[in-house]
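What follows draws every value from the coordinates through simple rules; no lab data is involved. On a predicted model such as this, the values are computed, not experimentally measured, just so you know. Note that we place each Cβ from the backbone using ideal geometry, even for glycine, and neighbour counts take in every protein chain shown.
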Amino acid sequence: MTPLPSVLLVDDDTTTNFLNQTLLTRLGVAKHIYVALNGEQALARVQEHCAELTPTPECPTLILLDVNMPGMNGIQFLEAYRQLPQAQQQASVVVMLTTSMHPRDVERVQQLRVDGFVNKPLTAEKVQELLRTHFPEQISAAG
């Protein structure tokens, strides 16, 4: 597998971030793994590194986004993210990584065109499925 340029973990739980970062590193998923503790930090990273014309290597190819966080939560992040220029949005695949969601929240997230849902905890099997679904060219590049 060819590693993704970068992954952004967005979760206010530092233990969850540590475990997910350890798992992604062990699996060789990305060259760089970044952490944001809330939606504001995540949005700032996207705005800074996913420029319309020339995204930097720090532009997250995959964003794993928690729903419930203090400050800007996952849904609020998605609302702001969908206001960015289309080129910036197309640079990243956004997947909700959560324990559970209220049906009202699921409906709102689907309206905001999230690329997928994964239930916590993140496992090697779930990561492989995400990669097969959203980055099949990365998998086949290993061959």
Task: Paramagnetic reach from Asp13 in the range 103-136 [backbone N under 11 Å; point 7 Å along Cα→Cβ] - done: 120-122
TODO: Along each of the three principal axes of the Cα atoms of the range 54-113, give the extent in whole Å, ordering the values from largest to smallest.
DONE: 37, 19, 19
Task: Estimated 222 nm signal from helices in the chain, with DSSP H stretches of n ≥ 4 weighted -39500 (n - 2.57), rounded to 500 - done: -12500 deg cm²/dmol
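So for the range 4-140, averaging the separation of alpha carbon pairs under 8 Å that are six or more residues apart and normalising by length, what relative contact order in percent results?
Dividing the mean separation by the residue count of the range 4-140 yields 23 percent.
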Open item on the list: Let's test this: bin the Cα-Cα distances of the range 5-141 at 5 Å from zero up to the farthest pair and state each bin's percent.
Closed with: 2, 10, 22, 25, 22, 14, 4, 0
